[in-house]
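Input: a single structure, listed below in C-alpha cells.
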Amino acid sequence: MGKYYLINKQTYYLLVKAQDYSGNEKLDHLAIVLTILFLLSTLLIWIFSYNLILRLLHPLDRLKKDITQINASKLTNPVKYTGNTDEIAVLTQAFNTMLKRLSSAFESQKNLTRVLPMSCAHHWPECHSN
C-alpha cells in the first residue's frame, strides 16, 4: 500500500506491506471445512435420492413381476395393487381391463372352434367349397 505525503514542501511516499498469517490460516481452514461439508452433503443427498427412487419404483417393479407371470392360462387372474389411487393404480386397473377383454376374446375363440366343426359336419359342402 502506498501513500503520498507533502511535508514542508517536500514529497514523501510511504510504502507499507503487511501479511495477515492468522487470517490466511483461518481462510485455509475454512476452505477445508467447506470442501468436507460439500462432499458430505453431496453424499447424503445421493443416498437420500437413491432410497427415494427405490421406494418410488418398488410398486412398478412389483407390477412388472406380476405382469411377466401372466400367460395364456392365467388370463383370469387380475394383477393386484394395494397402493394409493395414483398413476400405478390406474395403470393396473387398465391392465386388468385389458386382461378381461383378452380372456373373453380367447373364450369366444374357443367356443367358435368348438362350434364350427359341428356346424361344418351338417353343412359339409358349404364349409369346404372355398
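Looking at the structure I just gave you, is PRO59 under 26 Å from the mean Cα position of the chain (by Cα), in a loop (DSSP other than H, G, I, E, B) and not aromatic (Phe, Trp, Tyr)? Considered against the rule, which asks whether it is under 26 Å from the mean Cα position of the chain (by Cα), in a loop (DSSP other than H, G, I, E, B) and not aromatic (Phe, Trp, Tyr), PRO59 comes out as no. When the residues of segment 72-112 are filtered to those that are hydroxyl-bearing (Ser, Thr, Tyr) and assigned to a helix (DSSP H, G or I), the one that is farthest from HIS58 (Cα to Cα) is SER108. VAL79 - would you say it is open to solvent by less than 100 Å² (accessible area, probe 1.4 Å) and touching an Asp or Glu at 6+ places or on another chain (Cβ under 8 Å)? It is true that VAL79 is open to solvent by less than 100 Å² (accessible area, probe 1.4 Å) and touching an Asp or Glu at 6+ places or on another chain (Cβ under 8 Å).
The residues listed here are ALA89, ALA94; of these, the one that is modelled with pLDDT of 80 or more and loosely packed, with under 12 Cβ neighbours inside 10 Å is ALA94.
The values are calculated or read from the model by the stated rules, or taken from the named source; none is laboratory data. Keep in mind that this is a model prediction, so the values were computed, not measured. Note that each Cβ is placed from the backbone with ideal geometry, even for glycine, and that neighbours are counted across all protein chains shown. Note: accessible area is taken over every heavy atom of the protein model, side chains too, but ligands, DNA and RNA are not part of it. Shrake-Rupley method; radii C 1.70, N 1.55, O 1.52, S 1.80 Å.
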